[in-house]
Amino acid sequence: MKSDERYEIRFSGSGGQGIITAAVVMADAVGRFDNNHVCQTQSYGPEARGGKSKAEVVISGSPIDYPKALDVDMLLAMTQSACDAYFFDLKSDGLLIVDSGHVTQLPTSRSVSLPFTQIARDETGKELVANMVALGAVGYLSAKVSMESLEEALLSRVPKGTEEMNAKALQAGIREAKNIDLSKLPRSVMDEWDDEL
């Protein structure tokens with residue numbers, strides 16, 4: 001990562017979808033395993049379960065002076081209400097990633113729609129790991145973390161006994177993201193990939 005570069009990812013959805021867990025795993029992979037500077041913050045409404053929640057990961061090659069996302073490069077929205085509420089901070093050339101089973105009204109053409117919840121159900125029989133399917137896609141498409149580090153961080157963070165199921169969900173998300181035609185993504189996303197290749 002370039003030393004002066006700052007990259008912001010916002011994970012959003014509803015309480016109970018594991019949004020914060022996904023962000024914590026991403027931050028852990030980027031910081032502890034890939035040795036980049038990282039800050040992770042989170043917030044959710046008083047209703048918690050079922051209410052909107054968001055968690056942010058700020059990544060930089062140099063020390064981070066402000067921990068919260070200001071100009072979001074990538075937004076994951078797992079629900080329509082989260083998409084509607086948090087889209088306004090996405091950069092004009094940023095990328096929106098949504099769960100196509102829950103987000104049908106897209107505010108931009110700079111988006112990727114994948115059925116995270118459906119994939120989780122098909123792959124593991126459990127919808128509750130849709131957050132890890134989404135994390136796999138976010139990690140891959142951001143080009144800011146190695147997939148090995150992402151899985152290592154996941155295995156160190158998820159509850160004992162669920163490692164195999166969560167890892168399977170993560171790999172399913174990575175696999176789905178790899179099938180996306182990158183030439184259809186915004187130029188800024190292609191630039192990120194060019195830097196990493």
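Here, each number is a calculation from the coordinates, and none is a lab measurement. Not measured: the values here are computed from a predicted model. In this analysis, Cβ positions are derived from the backbone assuming ideal geometry, glycine residues included, and neighbour counts consider all displayed protein chains.
Descriptive notes on the structure:
- Restricting attention to the chain, close to 55% of DSSP beta bridges with both partner residues there are antiparallel.
- Pairs of Lys residues in the range 90-190 that lie 8 or more places apart, or on two chains, and have C-alpha atoms under 23 angstrom apart add up to 10.
- Taking every DSSP beta bridge that has both ends in the range 5-120, the antiparallel portion is near 55%.
- The range 99-190 shape via C-alpha gyration tensor axes, a/c threshold 1.5: oblate
- Proxy reagent accessibility, fewest Cβ within 10 Å first, across 84, 99: 84, 99
- Positive-end residue, the range 1-154 charge dipole about Cα centroid, Cβ charges, pick of 22, 98, 82: 82
- A cut-off of 5 Å between modelled amide H atoms, ignoring neighbours fewer than 5 places along the same chain, links residue 42 with 56.
- Total charge dipole magnitude, the range 6-192, about the Cα centre, Cβ charges on Lys, Arg, Asp, Glu only, Debye to nearest 20: 240 debye
- Dipole orientation for the chain: of the candidates 12, 139, 153, 12 has the Cα lying most toward the positive pole (charges on Cβ; Lys, Arg +1; Asp, Glu -1).
- Think of the range 6-192 as a dipole: +1 on every Lys or Arg Cβ, -1 on every Asp or Glu Cβ, centred on the Cα centre; then among 40, 63, 53, 53 lies furthest on the positive end.
- Modelled FRET efficiency - R0 25 Å, residue 89 with residue 64, Cβ distances, 0.05 increments: 0.90
- Inverse of mean 1/r across different Cα pairs in the range 50-112, Kirkwood, Å: 12.5 Å
- Nonlocal amide H pairs with residue 112, under 5 Å, H built at 1.01 Å: 96, 97, 98
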